[in-house]
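**Student:** Structure in structure tokens, see below.
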Amino acid sequence: MATIEPVKRYSAFLYPNEGRRDGRINLYCSTKRLYLIFKDTSDPLPANYYNDTHNIGVAYQRADMYEHYVDLVRNEGPISVTFRPEDTPPVYVVYAASEPPGEGEV
């Protein structure tokens, strides 16, 4: 069954090793975690998975999406994750909702 979890905090990592672009963003929610793994464009993307024992979802994206996710979690809010571990492969949606339009920018 799908659940929605608010993101409490995050950690972001870049792994620029040997000319490759890989990264990771960990989203720490109330009772679950989502690890977003960003793979170099030359690598195939593994299937998403969910670990029921530890309530951890893992989702894979291309490295060129890293900056968009960092921007979302850093500059928008509140951030939530919809976990759908019952889907094959599991589906995760990261989003900002209930934020006032314009964010007070002038």
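The values are calculated or read from the model by the stated rules, or taken from the named source; none is laboratory data. Keep in mind that this is a model prediction, so the values were computed, not measured. Heads up, the Cβs are rebuilt from the backbone with ideal geometry, glycines too, and the neighbour counts pull from every protein chain shown.
Yes/no per residue for (1) at pLDDT below 95; (2) in contact with a helix residue (DSSP H, G or I) (Cβ under 9 Å, 6 or more places away or on another chain); (3) not aromatic (Phe, Trp, Tyr):
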site: 46; (1), (2), (3): no, no, yes
site: 49; (1), (2), (3): no, no, no
site: 55; (1), (2), (3): no, no, yes
site: 61; (1), (2), (3): no, yes, yes
site: 68; (1), (2), (3): no, no, yes
site: 76; (1), (2), (3): yes, no, yes
site: 90; (1), (2), (3): no, no, yes
site: 97; (1), (2), (3): yes, no, yes
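**Student:** Which of the residues that make up the range 33-52 are part of a loop (DSSP other than H, G, I, E, B) and surrounded by fewer than 19 Cβ atoms within 10 Å (Cβ to Cβ)?
**Tutor:** Those that are part of a loop (DSSP other than H, G, I, E, B) and surrounded by fewer than 19 Cβ atoms within 10 Å (Cβ to Cβ): 40, 41, 42, 43, 44, 45, 46, 47, 52.
**Student:** Then there is this: Go through the residues of the range 86-94 one by one and say whether even a single one is surrounded by 13 or more Cβ atoms within 10 Å (Cβ to Cβ), part of a strand (DSSP E or B), more than 15 Å from the chain's Cα centre (by Cα) and not acidic (Asp, Glu).
**Tutor:** The answer is no, given that none of the residues of the range 86-94 is surrounded by 13 or more Cβ atoms within 10 Å (Cβ to Cβ), part of a strand (DSSP E or B), more than 15 Å from the chain's Cα centre (by Cα) and not acidic (Asp, Glu).
**Student:** Given the conditions (1) in contact with a Ser or Thr (Cβ under 9 Å, 6 or more places away or on another chain); (2) surrounded by fewer than 11 Cβ atoms within 10 Å (Cβ to Cβ); (3) not charged (D, E, K, R), and given that residue 19 satisfies all but one, which numbered condition is not satisfied?
**Tutor:** The failed condition is (1).
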